[in-house]
Structures are given as C-alpha cells and as structure tokens.
Amino acid sequence: AEIRERVGKLLEAAGLSGKQAKIRVQAGILENPLDCFTLITAEEIGDNPSPQKLILSDYRNIPKTSLPSDVKWSNYLPNILALKQAKKAVADNAVMLNAAGYISETATANLFWVQNGSIFTPDGTCDILPGVTRQVLLDALSDDGIEVQQGAFKDQVLQSAEHVFLTSAVQEIVMVSRYNSIEYKVEGDLVDHIRFLFQQRKETELC
C-alpha cells in the first residue's frame, strides 16, 4: 500500500498519471540483511515501439546454478555487455545463448518466433528470466487454444522463422525486423492476433 501511494504521487508530480512506473527493491546489506529500500522511476513510453534489429552476442547467459534465473537481479553484467555489443554493431538488442549453446533470451527481453504457423519460445531449462509479460502472453494464447512450443533450441532455428518478436514489461510486444543478415516480416494475421490476445488479457486482468 505504501509503495502504491508513492507510485501515484510520483506519476502525478511528473505529469504521467495513468502511465507506467518501474519499481526496484534492493535488499539491505548493513546491520539487518532483511532491510530493503525501494527506488521508483517513471517515464513515458511510446505505444508502438519500432521493430528491432538483433545480433548474436558473444556473451552467454549466467547459468541458474550460479545465479537463480527466476529473479530479476540488479547485476546483469553479461546482458549489459551483450547490449553494448549490439549497439556497437548498429543493432538494437542481442540474442544470448546459455552455457550449453541454446537460445536463452535477448539482453533485455524474452524471445518468441513463428515458424510454419507455430509459435516457439525457450523454456525454463535455458536460463531465461520468466518475464511477467511473457507469462501473460502464454496464458492468453493458451486460453485461445494456441499451443506455444517451449524447449531448448539452437539459434539456427531463427534462420527459417517467419516472424520473431520480443516481450518485456516496458515495451510489451516488440517485433524483430532482422537477426544478423536474416530479415523477417513484421506484419501478419497471426501477429495481429497475438497482439489482440495480449491486449485483451492485459485489459481484463492487469488494468
């Protein structure tokens, strides 16, 4: 309740009422390790983010045996380095593999792709961060009778994909226009249906 009140005051003060805020909770490291503080930031985000260009990063995701992947930590050095590598290559984001060489996610988002009308995404064995937006979309697709095939995939599968898109809490669903030298369609009936189902689920359960 306290955090909700602070978020409301921040958004009002910034002239962003009705917009999104990012909340970071950090554990204390002084006398009581259970103490924590919160940092709340807010900024306006465009409704239709531009399609992104991806590269394959040289940096691998940290195995969950070393750092639990189901928690969004503050220290994401491999992801920061992967994103820096993408920017240097004049790209927007980078696909990261796990230590075993399977697709994990991108530096800042979960990854989905469409091939022959089926939807795919890496599963929990690939050291992904199981994002909230990712799960909302999975639930929405499942309720509509659309099966998403989750598993461990080599990045070669992206060479024959028809569509590739990302999910994140900040930008929600973002299409990918290119991965290395491979180009993808960013429009299509299935893509429109995926967006519709996500928006419907979001308005019903999250708004």
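The values are calculated or read from the model by the stated rules, or taken from the named source; none is laboratory data. Computed from a predicted structure; not experimentally measured. Glycine gets a Cβ as well: all are built from the backbone with ideal geometry, and neighbour counts include every protein chain shown. Accessible surface is based on the protein model in full, side chains and every heavy atom, while ligands, DNA and RNA are left aside. Shrake-Rupley method; radii C 1.70, N 1.55, O 1.52, S 1.80 Å.
Are any of the residues in the range 95-118 free of Cβ contacts under 8 Å to residues at least 24 places away in the same chain and either within 22 Å of Ile55 (Cα to Cα) or of a type in the set (Lys, Arg) (or both)? No, the conditions are met nowhere in the range 95-118.
Across the range 24-81, the qualifying residues are those that are charged (D, E, K, R) and at pLDDT below 80, and the one among them that is nearest to Ile3 (Cα to Cα) is Arg24. Within the set Asp127, Asp92, the sole residue that is crowded, with 20+ Cβ neighbours inside 10 Å and at positive phi turns out to be Asp127. Taking the range 77-103 as the range and being under 23 Å from Val176 (Cα atoms) and touching a helix residue (DSSP H, G or I) at 6+ places or on another chain (Cβ under 9 Å) as the test, the residues that pass are Ala91, Asp92, Asn93, Ala94, Val95, Met96, Leu97, Asn98, Gly101, Tyr102, Ile103. Is the range 153-170 home to any residue that is open to solvent by 40 Å² or more (accessible area, probe 1.4 Å), of a type outside the set (D, E, K, R), on the phi > 0 side of the Ramachandran plot and more than 18 Å from the chain's Cα centre (by Cα)? So far as the range 153-170 goes, no, none of its residues is open to solvent by 40 Å² or more (accessible area, probe 1.4 Å), of a type outside the set (D, E, K, R), on the phi > 0 side of the Ramachandran plot and more than 18 Å from the chain's Cα centre (by Cα).
List the strands (runs of 3 or more DSSP E) inside the range 87-131, counting only whole elements, that have at least 1 residues being of a type outside the set (Val, Ile, Thr) and under 16 Å from Gln171 (Cβ atoms). Answer list for the range 87-131: 93-97, 103-106, 110-115.
So, Ala140, is that one small (Gly, Ala, Ser), in contact with a helix residue (DSSP H, G or I) (Cβ under 6 Å, 6 or more places away or on another chain) and open to solvent by 40 Å² or more (accessible area, probe 1.4 Å) or not? Answer is no for this residue.
Within the set of pairs 6+ apart or on separate chains, which have a first residue in the range 166-195 that is under 18 Å from Val148 (Cα atoms), a second that is at pLDDT below 95 and of a type in the set (Gly, Ala, Ser), and C-beta atoms under 9 Å apart? Partner pairs satisfying both residue conditions: Thr167/Gly131; Ser168/Gly131; Val174/Ser50; Val174/Ser168; Met175/Ser50; Leu190/Gly117.
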